[in-house]
Amino acid sequence: VETARVIDGRAFAARIRAKVAEHVARLTAEHGIVPGLAVVLVGEDPASAVYVRSKGRQCREAGMNSYEHRLPAETSEAELLALVGRLNADPAVHGILVQLPLPRHLNSDLVINAIDPAKDVDGFHVSNVGLLGTGQKAMVPCTPLGCLLLLRDLHGSLAGLDAVVIGRSNIVGKPMSQLLLGDSATVTVAHSKTRDLADVVRRADIVVAAVGRPEMVKGDWIKPGATVIDVGINRVAGPNGKDVLVGDVDYEDVAKVAGAITPVPGGVGPMTIACLLANTVTACCRAKGLPEPE
Ligand code: NDP
């Protein structure tokens, strides 16, 4: 059997990071500017802690400043909002990211909407959501942006292609559908109430799975030759009792049918942080009135 082309998100992300580092080096040499990203982590969620560490490290590797704020799980909303206010006012901070999920007693909508939209490198502030939805210049959420870059690289134009996004979360599914629509794909957004999901997915030239259900998407859901982007990151018990990471797509099964597929890990994951770095440089350039990286 033929197998799908494996989309190398790791290599693509490394190229983005190299371009970011180049741009940062120029900003620093020519203007004395060092872009800065502030990451706020509340509580001890182990997966979040891993992401935050990795964001900080990659930031520094690209020549940017990383400011990590770790707050205890019992931090009050007022304390968190006060920190966001200080970061909004800090001229050395060009990007602010509050790691989600927040502990249950904190209203994440309220906190995210307190971030200066110009510094909202996650693109979750309502005004960035509105700008994206109306086709205006926005800060675009990193994970869907990473998926879009992979798809454009593979397909060139997405115009007229049938795209099915499985999942409608504010952080992945919805912005993904907006981006695909912006690139003139014909977009269907599926979710837990969708009827005959397999039939819906079978129409798609492009499938983006952002569900959070290990290996849910099967090979017989996929139109032969379709491109499959797997956003899912699920920790499951592996054969020897150790946890392994799997996506929302049954990789072995789908790779027999798809034209191209992202692996987990090594697909969308690395693209997310690369896009975060790129968004931070973009935010910095916009703040300084300097030309943005393309
Ligand atoms: P959410 O849990 O917020 O959203 C999941 C979506 O999937 C919901 O819209 C839900 O529908 C839908 N869904 C759940 N079950 C089914 C089902 N059986 N059939 C169809 N749709 C279903 O998850 P996120 O969007 O935050 O994340 C999705 C996945 O992506 C997770 O595995 C997460 O770990 C991963 N992720 C990866 C990132 C990366 O960098 N690679 C970044 C962010 C997330 P409904 O709305 O009806 O409940």
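Positive end of the dipole of the chain (Cβ unit charges, origin at the Cα centre): among A47, V121, G269, the Cα lying farthest that way belongs to V121.
Decide, for segment 138-178, between rounded, prolate and oblate: order the square roots of the alpha carbon gyration tensor eigenvalues as a ≥ b ≥ c, take rounded if a/c falls under 1.5, and otherwise choose prolate if a/b is larger than b/c, else oblate. Please report the intermediate quantities before stating the final value.
Values: a/c = 2.17, a/b = 1.36, b/c = 1.59.
Here segment 138-178 falls in the oblate category.
Take the Cβ atoms of D220 and S184, set R0 to 45 Å, and the FRET efficiency comes out at 0.95.
Highest GNM mean-square fluctuation among A62, A210, A89, for the chain modelled with Cα contacts below 10 Å: A89.
In a reduced charge model with +1 at each Lys and Arg Cβ and -1 at each Asp and Glu Cβ, the chain shows a dipole moment near 240 debye about its Cα centre. Take every DSSP beta bridge whose two residues both sit in the chain; close to 10 percent of them are antiparallel.
When the chain is treated as a Gaussian network with alpha carbon springs shorter than 10 Å, the biggest mean-square fluctuation among V208, V200, V254 belongs to V200.
Beyond 31 Å in Cα-Cα separation lie the following of the pairs K19/K288; K19/K218; K119/K223; K137/K218: K19/K218; K119/K223; K137/K218. With the charge dipole of segment 142-268 set up from +1 on Lys and Arg Cβ and -1 on Asp and Glu Cβ about the Cα centre, the Cα lying farthest toward the positive end among the listed residues G160, Q178, V254 is that of Q178. First obtain the Kirkwood hydrodynamic radius of segment 29-120 from its Cα pairs, then insert it into the Stokes-Einstein equation at 10 °C and 1.306 mPa s, and state the resulting D in µm² per second as a whole number. Taking Rh from Cα pairs, D becomes 117 µm²/s.
Please state the relative contact order of the chain as a whole percent: Cα pairs under 8 Å, 6+ residues apart?
On the way: 588 pairs, mean separation 63.6, N = 294.
Result for the chain is 22 percent.
Straightening the chain between R60 and L100 buys 12.2 nm, computed as 0.36 nm per residue apart minus the Cα-Cα spacing. Projected label points at L110 and R152, each 7 Å from Cα along the beta carbon direction, are separated by 3.8 nanometres. Length gained on full extension, D90 to L71, computed as 0.36 nm times the residue gap minus the Cα-Cα distance: 5.0 nm. Spin-label model, E44 to S127: label points 7 Å out along the Cα-to-beta-carbon direction sit 3.8 nm apart.
In whole angstrom, how long is each semi-axis of the equivalent ellipsoid of segment 91-145, when you take the square root of 5 times every eigenvalue of its Cα gyration tensor and sort them from largest down?
Working: eigenvalues 71, 37, 22 Å².
Output for segment 91-145: semi-axes of 19, 14, 10 Å.
Taking only the alpha carbons of segment 226-279, we obtain Rg and Dmax values of 12.8, 40 Å in that order.
Roughly how compact is segment 142-268, stated as its Cα Rg over 2.2 N^0.38 Å to two decimals?
For segment 142-268, the normalised Cα radius of gyration comes out at 0.98.
Sorted into 5 angstrom bins from 0, the C-alpha pair distances of segment 169-227 split as 4, 17, 28, 28, 18, 4 percent. Measuring from each cysteine beta-carbon in the chain, the ones with no other cysteine beta-carbon under 4.7 angstrom are C59, C147, C284, C285.
For the chain, the share of alpha carbon pairs falling in successive 10 Å distance bins from zero is 6, 27, 34, 23, 8, 1 percent. The modelled label-to-label distance between A198 and T28, using points 7 Å beyond Cα along the C-beta direction, is 5.4 nm.
In plain terms, if you count all Cα to Cα distances in segment 117-168 and split them into 10 Å steps from zero, the share in each step is 23, 46, 29, 2 percent.
Throughout, read-outs are computed from the coordinates displayed, never taken from laboratory work. All values derive from a computational prediction rather than experimental measurement. Ideal geometry is used to build each Cβ from the backbone, glycine not excepted, and the neighbour counts take in all protein chains shown.
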